[in-house]
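*Asks:* Before I ask anything, here is the structure I am working with.
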Amino acid sequence: MPRKPMIRRDVLLTAVLIAGLAAQAAPAFAQDYPSRPIALIVPYAAGGGNDLMARTAAEKMSTTLGQQIVIENRGGAGGSIATRQIAKAAPDGYTLGLGGTGTLAINPTLYSNVGYDPRRDFAPIGLIATSALVVCVHPSLPVRSIGELIALAKQEAGKLNYASAGTGSGIHLGTEYFATMAGIKLTHIPYKGSGPALTDLVGGHVAVYFSSLPPALALVKEGKVRALAVTGAKRSPIFPDLPTVAEAALPGYEAVLHYGIVAPAGTSRPIIDRLSAALRAAVMSEDLKARLANDGAEPLASTPEEYAADIDREETKWSKVVKVSGAKVNE
């Protein structure tokens with residue numbers, strides 16, 4: 001009977017020693033982290049709401065961490081190109097990314113080859129904020145509630161049109177989700193951004209638009225558009241008298257955008273914990289809360305585990321909406 005090969009004692013001792021040194025090195029590395037500036041990749045152009053949110057959070061986190069967090073804007077393909085780069089970056093804590101409903105929940109189904117898996121390729125750090133929309137109609141439309149809008153859409157199936165900021169945008173899919181739950185058919189008119197879409201709503205070229213909150217506020221006050229409801233789970237401080245879509249007509253409906261910060265998968269847990277603590281402190285600061293409120297967003301502090309669960313829920317929800325809408329982008 002052949003004898004089993006014996007493991008040399010010196011080889012075994014060396015392996016144990018290396019493992020022990022590695023275990024000691026990880027906490028030591030985390031204690032020294034960060035020792036240089038950190039890059040936070042924002043997968044959109046500079047100047048938008050996403051960019052301002054990231055810059056405000058980064059400014060607060062930099063103070064806590066003792067190192068500057070530098071914003072790098074890398075737009076393109078709805079944020080998927082930069083998000084792919086974040087996934088492939090070195091997992092050393094020096095490259096982070098702004099995650100959101102668009103990039104982590106919508107794009108994996110919307111794009112034929114997005115190039116990353118939202119659950120496997122990232123280490124969630126935490127959420128920053130949530131932002132709802134407001135359902136607006138042109139004043140000539142004879143409706144003053146969500147119930148009346150649904151009734152009119154059923155009466156004139158397919159004749160009512162709505163604007164969006166582009167195919168696959170949160171506004172597009174939030175409206176499609178609304179139509180699916182309400183059992184109505186609306187005609188989609190995509191625009192290249194929110195500005196042109198809102199302009200055509202004011203001009204009466206489209207009937208319905210699910211707008212972000214701040215730009216709609218002045219138009220509603222001036223009577224140029226009529227607001228019917230907000231799409232969040234609760235009423236908005238910006239429009240306190242408006243009901244939610246859920247309480248007005250569609251129980252369970254919620255269409256909001258979530259934003260958070262992620263690192264590449266494989267980033268060590270001590271680094272994730274340090275970044276997460278700094279992010280939570282930033283999110284709960286009065287300064288950040290005030291800035292978010294100006295943009296119609298609300299703080300949404302979380303742990304890494306809570307953000308991971310949020311990514312899972314949001315992707316499961318919005319992937320179904322994308323499929324039902326028939327939206328697809330070949331990249």
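The values are calculated or read from the model by the stated rules, or taken from the named source; none is laboratory data. Only a predicted model underlies this, so the values are computations on that prediction, with no experimental measurement involved. Here the Cβ is made from the backbone with ideal geometry for all residues, glycine too, and neighbour counts use every protein chain on show. Ligands, DNA and RNA are stripped out before the accessible areas are found, and what is left, the full protein with its side chains, is counted by its heavy atoms. Shrake-Rupley method; radii C 1.70, N 1.55, O 1.52, S 1.80 Å.
*Asks:* Taking Cα pairs under 8 Å and at least six residues apart, what relative contact order does region 208-331 come out at, in percent?
*Replies:* 17 percent
*Asks:* Next up: Mind listing the long-range amide H neighbours of Gly126? Cut-off is under 5 Å, sequence gap 5 or more, other chains count too, H placed in the peptide plane at 1.01 Å from N.
*Replies:* Amide H neighbours of Gly126: Ile261.
*Asks:* Hey, any idea what % of the chain's accessible area is carbon plus sulfur with a 1.4 Å probe?
*Replies:* Roughly 56 percent, rounded to a whole number.
*Asks:* Still on this structure: Quick one: order Thr199, Thr56 from most to least accessible surface, probe 1.4 Å.
*Replies:* Ranked list, largest accessible area first: Thr199, Thr56.
*Asks:* Cα gyration tensor of region 167-260, axes a ≥ b ≥ c as square roots of the eigenvalues: rounded (a/c below 1.5), prolate (a/b > b/c) or oblate?
*Replies:* The shape class here is rounded.
*Asks:* Taking the solvent-accessible surface of protein heavy atoms with a 1.4 Å probe, what is the per residue accessible area of the chain in Å²?
*Replies:* Value for the chain: 47 Å² per residue.
*Asks:* Report, for the chain, the % of DSSP beta bridges that are antiparallel, rounded to 5.
*Replies:* If I count the DSSP bridges inside the chain, around 60 percent turn out antiparallel.
*Asks:* Just how much of Glu247 is accessible, in Å², when a 1.4 Å probe is used and the result is rounded to the nearest 10?
*Replies:* 100 Å²
*Asks:* Once you keep just the Cα pairs under 8 angstrom separated by 6 or more residues, what percentage relative contact order results for the chain?
*Replies:* Contact order relative to length: 27 percent.
*Asks:* Show me, for region 244-257, the HN-Hα J-couplings you get by feeding each phi into the Karplus relation (A = 6.51, B = -1.76, C = 1.60, θ = phi - 60°), rounded to Hz, glycine and proline as x.
*Replies:* Couplings: 7, 4, 5, 6, 7, 7, 10, x, x, 6, 7, 9, 10, 9 Hz.
*Asks:* Still on this structure: In whole Hz, with x marking every Gly and Pro, tabulate ³J(HN,Hα) for region 227-232 from phi via Karplus 6.51 cos²θ - 1.76 cosθ + 1.60, θ = phi - 60°.
*Replies:* Here the 3J(HN,Hα) series is 8, 10, 5, 10, 9, x Hz.
*Asks:* Still on this structure, please answer the following. Once every DSSP H run of n ≥ 4 in the chain is given -39500 (n - 2.57) and the sum is divided by its residues, what mean residue ellipticity at 222 nm do you get, rounded to the nearest 500 deg cm²/dmol?
*Replies:* -13500 deg cm²/dmol
*Asks:* Then there is this: Any lysines with Cα under 20 Å of the Lys154 Cα? List them, leaving off those in the same chain fewer than 8 positions away.
*Replies:* Lys185
*Asks:* Return the lysines within reach of Lys60: Cα separation strictly under 25 angstrom, same-chain partners fewer than 8 residues apart disregarded; answer none if there are no such residues.
*Replies:* List returned: Lys289.
*Asks:* Another one. Magnitude of the Cβ-charge dipole of the chain, K/R +1 and D/E -1, about the Cα centre, nearest 20 debye?
*Replies:* Dipole about the Cα centre, nearest 20: 740 debye.
*Asks:* Could I ask something else about it? Would you list the P(r) distribution for region 39-166, with all Cα-Cα distances sorted into 5 Å bins from 0 and each bin expressed as a whole %?
*Replies:* P(r) for region 39-166, in whole percents per bin: 2, 9, 16, 18, 14, 10, 9, 9, 7, 4, 2, 0, 0.
*Asks:* Which of the lysines could be linked to Lys317 by a straight reach, that is with a Cα gap under 17 Å, when you skip same-chain ones fewer than 8 residues away?
*Replies:* In chain and number order, the partners are Lys328.
*Asks:* Quick check on region 50-103: what does the Kirkwood estimate of hydrodynamic radius come out to from the alpha carbon pairs, in Å?
*Replies:* About 12.1 Å for region 50-103.
*Asks:* How big is region 118-229 by Rg and Dmax over its Cα atoms, in Å?
*Replies:* Calculated on Cα positions, Rg and Dmax stand at 15.1, 48 Å.
*Asks:* Which cross-chain or sequence-distant (5 or more) residues have an amide H under 5 Å from the amide H of Ile38, H modelled 1.01 Å from N in plane?
*Replies:* Distant-sequence amide H within range of Ile38: Gln68, Ile69, Val70.
*Asks:* Springs between alpha-carbon atoms under 10 Å, Gaussian network over the chain: tell me which of Pro240, Pro270, Pro91 tops the mean-square fluctuations.
*Replies:* Pro240
*Asks:* Continuing with this model, one more query. Amide H to amide H, which residues 5 or more places from Asn73 or on other chains are under 5 Å from it, using H placed in the peptide plane?
*Replies:* Residues meeting the criterion, in which the H sits 1.01 Å from N, are Val42.
*Asks:* So what are the ³J(HN,Hα) numbers for region 115-121, from phi and the Karplus equation (6.51, -1.76, 1.60; θ = phi - 60°), rounded to whole Hz, Gly and Pro as x?
*Replies:* These are the phi-based 3J(HN,Hα) values: x, 7, 10, x, 8, 9, 9 Hz.
*Asks:* From the P(r) of region 129-185, could you give the percentage of C-alpha pairs in the tail past 16 Å?
*Replies:* 46 percent
*Asks:* I would also like to ask the following. Roughly how tilted is helix 49-65, in degrees to the nearest 10 and between 0 and 90, from the longest Cα axis of the chain?
*Replies:* Approximately 30 degrees, to the nearest ten.
*Asks:* May I pose another question? Among Asn50, Ile150, Gly97, whose Cα projects farthest towards the positive end of the dipole of the chain, with charges put on the beta-carbon of Lys, Arg (+1) and Asp, Glu (-1)?
*Replies:* Gly97
*Asks:* Once the whole set of protein chains is in place, how much accessible area is left on Arg235, using a 1.4 Å probe, in Å² to the nearest 10?
*Replies:* For Arg235, the solvent-accessible surface is approximately 100 Å².
*Asks:* Once you sort the root eigenvalues of the Cα gyration tensor of the chain as a ≥ b ≥ c, which label holds: rounded (a/c under 1.5), prolate (a/b larger than b/c) or oblate (the other case)?
*Replies:* Prolate, because a/c is 1.5 or more and a/b exceeds b/c.
*Asks:* Right, next: For Met61, tell me the accessible area in Å² from a 1.4 Å probe, rounded to the nearest 10.
*Replies:* 0 Å²
*Asks:* Next question, about the same structure. For region 248-324, just say rounded, prolate or oblate: build the C-alpha gyration tensor, square-root its eigenvalues into a ≥ b ≥ c, call rounded for a/c under 1.5, and beyond that prolate if a/b exceeds b/c, oblate if not.
*Replies:* It comes out oblate by the Cα gyration axes.
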